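Colleague: Below is a structure I'd like to ask you about.
The values are calculated or read from the model by the stated rules, or taken from the named source; none is laboratory data. What you are looking at is a predicted structure, and each value in this text was computed from that prediction instead of being measured. Quick reminder, even Gly has a Cβ in these numbers, built from the backbone with ideal geometry, and neighbours come from all protein chains shown.
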Amino acid sequence: MAARTGQDYIEAIGSKAITVELHGRQTTGGITEIPEFRNLIRSYAALYDMQHEPGLRDVMTFESPTTGDRVGTSFLMPGDADDLARRRQMMKTWAEWSNGMLGRTGDYLNVAVTAMAGAADWFAQDDPRFGDNIRAYHEYVRENDLLLTHTLIMPQANRSKTVSEQSDPFLAARIVDETDDGIVLRGARMLATIGPIADELLVMPSTVIRGGPDDAPYAYAVAVPCDAPGLRFLCRESFDLGRSHFDHPLGSRFEEIDAVVVFDDVRVPYERCFLLRNPELCNGIYNETSAAAHMTHQVVTRTTAKTEYMLGLVSLLTEAIAIEGFQHVQEKVAEVIIAVEIVKALLLASEVEAEANRFGVFTPAWAPLNACRNWYPRFSQRFPEILRQLGSSGLMALPTEADAFGPAREDVERFLQGAAIDGIDRVRLFRLAWDTCLSAFAGRQALYEYFFFGDPVRMAGALVSSYDREPFKKRVRELLHRDEPDRAAAYDPARMTTAS
Ligand SMILES: Cc1cc2nc3c(=O)[nH]c(=O)nc-3n(C[C@H](O)[C@H](O)[C@H](O)COP(=O)(O)OP(=O)(O)OC[C@H]3O[C@@H](n4cnc5c(N)ncnc54)[C@H](O)[C@@H]3O)c2cc1C
């Protein structure tokens, strides 16, 4: 099958027997009928439709090396700088459509699986079959244009102990059985964003938590279909409250549900196993295969779109109520402008310094991307704060669509007008700002940006221990001793005295 249309995606997801627990109901199948998922599915469908827009065809798709059909560009194995730029263009197109609010568009994990397939020999170290498996899986996902999500970490229960030291050995999903055909998983994992509306679930190691030899039953990398028997998605409350786009402009479009994943003896055939019982290889999976660099390239492309959105929104807000002349307001707008230029520069640097990895896959430079993945989670918390500081009570003087277009319209037009905007449009704009900085949707976005790629504290530790600082230390040492006399030659022990 070629790159999917939105309708292809909706039909596929609708036909799967995916099991979800949501708002006190357990449902199997009929995912497209669940009101809390309907808008999100529609948004994802719109992304798939973009693959078929005539003007975007060459950006969004390329010819499959096996069938010649047009398939999604995020599956392209980059061989040179042009491939990497083409893939970034594709990711940018999707990211700009949601202004970076959709964190789990397919490209995020497609580029990871592509990098892993490029590094198939690395997986073959564990078992020669695993190298073939990851290659075949990449082709399977590419040719069927499947939407992936992933689950990486054990439930929080007791973070002072390792996964194997928890009082319940089946708290975190572990290998409970191994048969001639494959393995069986029992336990739970956190946290699968878009789990209920995805085709496939990657059950992979954490990006930052390291396993030791005792953690072998928990150390694996496998893939299962989201409707595998025994698999359940225990969803949080939805922040799509069924309101209009006017009232909840972001929540009604981009609410990506998160879910705890429960494995109730889920069978995984060997063909879908890529690493098994190997904590050491699991610890290296993202760096050794360059998947981390390719995923972060997608993340920074998305966060560039989001930061640009923040700048657009802050600028419209300050214009609307004519506060841009105040110095502290300019200082805050400047913060956002600087953030835009920082993310763009780091993305560009990663491409300018890109080179082929040891498997021949053209890979963006890790250092600027690693800097961004450490900086952005913290800095992005400033955006909602700036919006709140600038929007102030305007973020609460927010009648709903029913008021704006109902009996209160005259009040809205008169009392809620802005300096450069009429009352209705001002409410529309400030509702968007509210959904960006104050609503449940906004709170979840802030938490997402802070944690989704791993705990920033431990990412900082990884940055410090892996960054090559020797050249800089050497320069400082050289300065410390520059132009110094030869003290050894000048040293005269007879001149040393002791204070009495
Ligand atoms: C909105 C959202 C969506 C997400 N989506 C996904 C997804 O789709 N797939 C997925 O796999 N994961 C997802 N995650 C999970 C994400 O990977 C984790 O949040 C992240 O790895 C941090 O782990 P944790 O949440 O278990 O925090 P914890 O590890 O429990 O940390 C809690 C606090 O304790 C501190 N802490 C705990 N242990 C240590 C330690 N050893 N050293 C120092 N400090 C420590 C942390 O710094 C933090 O302050 C998502 C998270 C969020 C918030």
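Colleague: With the condition kept exactly as written, say whether any residue in region 216-234 is within 26 Å of Thr105 (Cα to Cα), away from the ligand (no atom under 14 Å from the Cβ), part of a helix (DSSP H, G or I) and at pLDDT 95 or above.
Modeller: No - not one qualifying residue is present in region 216-234.
Colleague: Output the number of residues of region 235-267 satisfying the condition of being acidic (Asp, Glu) and not in a loop (DSSP other than H, G, I, E, B). First the steps, then the outcome.
Modeller: So the first thing to find is which residues in region 235-267 are acidic (Asp, Glu), and the list is 237, 240, 247, 255-256, 258, 264-265.
If we keep only those that are not in a loop (DSSP other than H, G, I, E, B) as well, we get 258, 264-265.
Residues meeting the conditions: 3.
Colleague: For region 324-411, which helices (runs of 4 or more DSSP H) that fit wholly inside it have 2 or more residues that are crowded, with 19+ Cβ neighbours inside 10 Å and among the hydrophobic types (A, V, I, L, M, F, W, C)? Before the answer, list the steps.
Modeller: Details: elements: 327-352, 366-379, 382-391, 401-404.
Output list reads 327-352, 366-379, 382-391.
Colleague: Spot the failing condition for Val427; the list is (1) in a helix (DSSP H, G or I); (2) within 16 Å of the ligand (Cβ to nearest atom); (3) crowded, with 19+ Cβ neighbours inside 10 Å, and only one is missed.
Modeller: All conditions pass for Val427, except number (2).
Colleague: Turning to a different aspect of this structure: Go through (1) in a helix (DSSP H, G or I); (2) β-branched (Val, Ile, Thr); (3) farther than 18 Å from Leu347 by Cβ one by one and return the number of the condition Thr67 breaks.
Modeller: Going through (1) in a helix (DSSP H, G or I); (2) β-branched (Val, Ile, Thr); (3) farther than 18 Å from Leu347 by Cβ one by one, Thr67 breaks only (1).
Colleague: Shifting gears a bit: As an exercise: evaluate Val163 against (1) within 20 Å of Tyr270 (Cα to Cα); (2) buried (at least 20 other Cβ atoms within 10 Å of the Cβ); (3) of a type in the set (A, V, I, L, M) and give the number of the one condition it does not meet.
Modeller: So Val163 meets the others, but not (1).
Colleague: If you don't mind, another one. In the list Thr73, Thr67, Thr32, which residue meets the criterion of being in contact (Cβ under 8 Å) with a residue 40 or more places away in the chain, closer than 17 Å to Leu146 by Cβ and among the polar types (S, T, N, Q)? Steps first, please.
Modeller: Details: Thr73 fails: in contact (Cβ under 8 Å) with a residue 40 or more places away in the chain; Thr32 fails: in contact (Cβ under 8 Å) with a residue 40 or more places away in the chain.
After applying the criteria, what remains is Thr67.
Colleague: Give region 182-212 a look and list any residue that's in contact with a Leu (Cβ under 6 Å, 6 or more places away or on another chain) and part of a loop (DSSP other than H, G, I, E, B), or say none.
Modeller: Correct list: Ala198, Asp199, Met204, Ser206.
Colleague: Counting just the residues of region 402-460 that are in contact with a Phe, Trp or Tyr (Cβ under 9 Å, 6 or more places away or on another chain) and of a type in the set (Ser, Thr, Tyr), which one comes out nearest to Met310 (Cα to Cα)?
Modeller: So the residue we want is Thr436.
Colleague: So in region 436-479, with the set limited to residues that are within 16 Å of the ligand (Cβ to nearest atom) and either acidic (Asp, Glu) or more than 21 Å from the chain's Cα centre (by Cα) (or both), which one is surrounded by the fewest Cβ atoms within 10 Å (Cβ to Cβ)?
Modeller: For region 436-479, the residue satisfying everything is Ser465.
Colleague: Still on this model: Would you mind finding the one in Asp177, Asp121 that is among the charged types (D, E, K, R), surrounded by fewer than 17 Cβ atoms within 10 Å (Cβ to Cβ), within 26 Å of Gly79 (Cβ to Cβ) and modelled with pLDDT of 95 or more? Can you show your working first?
Modeller: Numbers: Asp177 fails: within 26 Å of Gly79 (Cβ to Cβ).
Exactly one of Asp177, Asp121 is among the charged types (D, E, K, R), surrounded by fewer than 17 Cβ atoms within 10 Å (Cβ to Cβ), within 26 Å of Gly79 (Cβ to Cβ) and modelled with pLDDT of 95 or more, namely Asp121.
Colleague: Restricting attention to region 182-191, which residues are away from the ligand (no atom under 15 Å from the Cβ) and surrounded by fewer than 20 Cβ atoms within 10 Å (Cβ to Cβ)?
Modeller: Gly182, Val184, Arg186
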